[in-house]
Structure formats: structure tokens, C-alpha cells
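Computed from the coordinates by the stated procedures, all read-outs in this text should not be read as laboratory data. Being a predicted model, the structure only gives us computed values, none of them experimental. Glycine gets a Cβ as well: all are built from the backbone with ideal geometry, and neighbour counts include every protein chain shown.
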Amino acid sequence: DSINVFAPATVANVVCGFDILGFAVNQPGDEVVMRRTEKPGITISKITGDDGRLPLDPARNTVSASVKHFLDHINRPDIGVDIELHKKMPIGSGLGSSSASTVAGLFAINSLLGNLLTLEQLLPFAMKGEELACGYGHADNVAPALFGGFVLVRSYEPLDVIRLPFPESLYCAIVFPEVDVPTRDARQMIRSKVLLKDAVIQWGNIAGLVSGLFMQDPDLIGRSMKDVLVEPVRSILIPDFYKLREIALENGGISFGISGSGPSVFSFTKDRESAGRVTQKVAAHLASLNIGSKTFVSAI
Ligand code: HSE
């Protein structure tokens, strides 16, 4: 009894929808191999691709901790599993790295036990993993990693998550500048109070983005992806952020912004070639600042 599960990277916030919008990309992503064991309990036998950064201790690792939470919930302490985690995406990149691992682990245990829970029912367990990883159980990475595509978290209490349609020909250019931005810190710097005039701009843009997704209108999507609440503060964590935006928009990007809490940045484009060009030009500018980067091009 063994299973191999892939879960994708995700872009949370989608610029204007802090904590409420996210989408999955085709690649990169993480892989979990899970095997049933005779002995009850959870072990982690192997983690690859993490440069030794993730804990093998099952109590401290987000994958095993959420699997344990799941087994406790279904009241099956008799079950034993061993986990191998293969990180195939950068950690601390703002691409939902912990979410991808957690979702892969939960999907694996649920499948091994005959799909006891629906994907919707798995979501709260994945959110618990996020809480462990960065101090707050937000769903805008885990929900799209679990469901695929675009997801709106309409409400956290009660949890109400909606899958959104999106245009077929929408591509995503992602650049991960190799600087460290822990989500925990990037959350702490945000102001907790907002001005009404800013809120008006923000909810206009969120409604515009969601409308654009339904109407399959890339131009409406692009012009709605502006953020007056979070980006002005977090952009200082990203080297030459506003220059990178200019470069992306000049090279076929219809939008540009921070992926999740950063430091990755992303652009939507209308075709794959433009996405390739945007990643190349943005990475070249970072290189001119002596900052290495990793780039990804994906359909949505
Ligand atoms: N919505 C979260 C944040 C996503 O911006 O902090 C973290 O990846």
C-alpha cells in the first residue's frame, strides 16, 4: 500500500485579494510518497530538495503534523504511515511551498484510506498545516493547491470557498529572486487598519478581477490587478520591485505583482512566448543587481 502524490505551487493574493484569492500553476510542485507501515504512527524517512532546512521530526514537520491531525480526527491511531517528501520547489519563495507539501500529504493519506473525506473536507486540515508553518491558517495557497485552478475564499468563518472559472489562454510568468522573505515576517509588517478610500479602490479591483475571470477578459483582469493595501508595504522586501514591474509590463505582461508574501513576483500574459520573455527580462535585471533567480512559466 503506497501512493505517490504531486501538489502544485500556488500564487496567493493574486495582487488585490489578500488572503482571499489564489490559483495553482502546473509547475513547480512537491511530491509525497506515502507507505502504510505495520507499526502505528507517522515517520518521515526521507526529505530531498530542501537543503536540510525541513525537520524530519514528525511533530514539527507540517506534512506529518497535518496527517496526524487527520488521523486523530477520524479516530484511527492504529494506522501507521511512512512519508518521503521530495521538495521540487524553492522554500520561502512565496509560491506556497509548505501548502504544496501539506496538501500532497493529506491527499495521500486520504487516498490510502479509500477517500474518507472530500477535498472540501480536507481543506481545514491543510489550513492547520499553514498555521504551523507561518502562524496563521490562511487558505489562499492550500485551497488552490487542493482544488486546482482559481479559488476565492469568500469567508473564513464559516469557511466558504468558491472555485472560479478562468480564461483558457492565460499564462503565468514567475520569477523567484533568491532573497529571504519569511511569510511570518511579511505578515507582521502589514498595517491592520485601512482607510475607507483605499478599501473602495481595493474592492473595486477585486470585483473587477473576479468579473474578468468570469467574462474571460484578460484586459479587465490585468487592469484590476492593483493593490493599494499590502503591496506598497511589502514591495520594499523585493529588490527594485517597481523597475521589475516596468520591465514585465513592457514585455507582454498584463499584470505584475508579488506572489503570496514574496519574494517571488508574477505576471499574467496572453501567450506562452510572452511569459517566457517576461521571466527572462526580469531575471536579467535581477542578475544585473547581482541577485540570482529561478524562473517558471506555466499555464493556469
Ligand atoms: N495571503 C498570505 C499572505 C499568503 O499574503 O501572507 C502567504 O503566502
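Okay, here's what the table says:
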{"read-out": "Extension gain, Val179 back to Lys243 (0.36 nm per residue minus Cα-Cα distance, nm)", "value": "21.4 nm"}
{"read-out": "Cα-based helix-to-principal-axis angle, 62-73 vs the chain, degrees rounded to 10", "value": "50 degrees"}
{"read-out": "Per-residue ³J(HN,Hα) for segment 121-132, Karplus 6.51 cos²θ - 1.76 cosθ + 1.60, θ = phi - 60°, Hz, x for Gly and Pro", "value": "6, 6, 3, x, 5, 5, 5, 4, x, 5, 4, 5"}
{"read-out": "Percent of beta bridges antiparallel (DSSP, segment 29-167, rounded to nearest 5)", "value": "65 percent"}
{"read-out": "Over segment 242-300: Rg over Rh, Cα atoms, Kirkwood Rh", "value": "0.92"}
{"read-out": "For segment 110-119, Karplus couplings with θ = phi - 60° (6.51, -1.76, 1.60), whole Hz, Gly/Pro x", "value": "5, 5, 4, 9, x, 6, 5, 10, 7, 4"}
{"read-out": "Residue with peak Gaussian network fluctuation, the chain [Cα springs, cutoff 10 Å], from Thr43, Thr269, Thr62", "value": "Thr43"}
{"read-out": "Extension gain from Asn75 to Arg163, taking 0.36 nm per residue of separation minus the Cα-Cα distance", "value": "28.7 nm"}
{"read-out": "Normalised per residue, the volume of the convex hull around the Cα set of the chain (Å³)", "value": "121 Å³"}
{"read-out": "Dimensions in Å of segment 20-165 - Rg and Dmax from alpha carbons", "value": "14.4, 44"}
{"read-out": "Choice from Thr102, Thr48, Thr183 with maximal GNM fluctuation in the chain (Cα, 10 Å cutoff)", "value": "Thr48"}
{"read-out": "Net length gained if the chain between Ser288 and Asp1 were fully extended (0.36 nm per residue, minus Cα distance)", "value": "98.3 nm"}
{"read-out": "Of Gly105, Gly29, Gly137, the one that fluctuates the most in a GNM where the chain has Cα springs shorter than 10 Å", "value": "Gly137"}
{"read-out": "Shape parameters for segment 184-239, alpha-carbon atoms, Rg then Dmax in Å", "value": "13.2, 36"}
{"read-out": "Footprinting exposure proxy for Lys193, Lys226, Lys128, Lys39 (fewest neighbouring C-beta atoms within 10 Å first)", "value": "Lys193, Lys39, Lys226, Lys128"}
{"read-out": "Over 22 Å between alpha carbons, listed pairs Lys87/Lys294; Lys39/Lys128; Lys243/Lys294", "value": "Lys39/Lys128"}
{"read-out": "Sites Arg272 and Glu38 - FRET efficiency at Förster radius 41 Å, r taken between beta-carbons, to 0.05", "value": "0.30"}
{"read-out": "Rg/Rh for segment 173-300, where both radii come from Cα atoms and Rh is the Kirkwood radius", "value": "0.97"}
{"read-out": "Residue exposure sequence - Asp57, Asp19, Asp30 - by fewest surrounding Cβ within 10 Å", "value": "Asp57, Asp19, Asp30"}
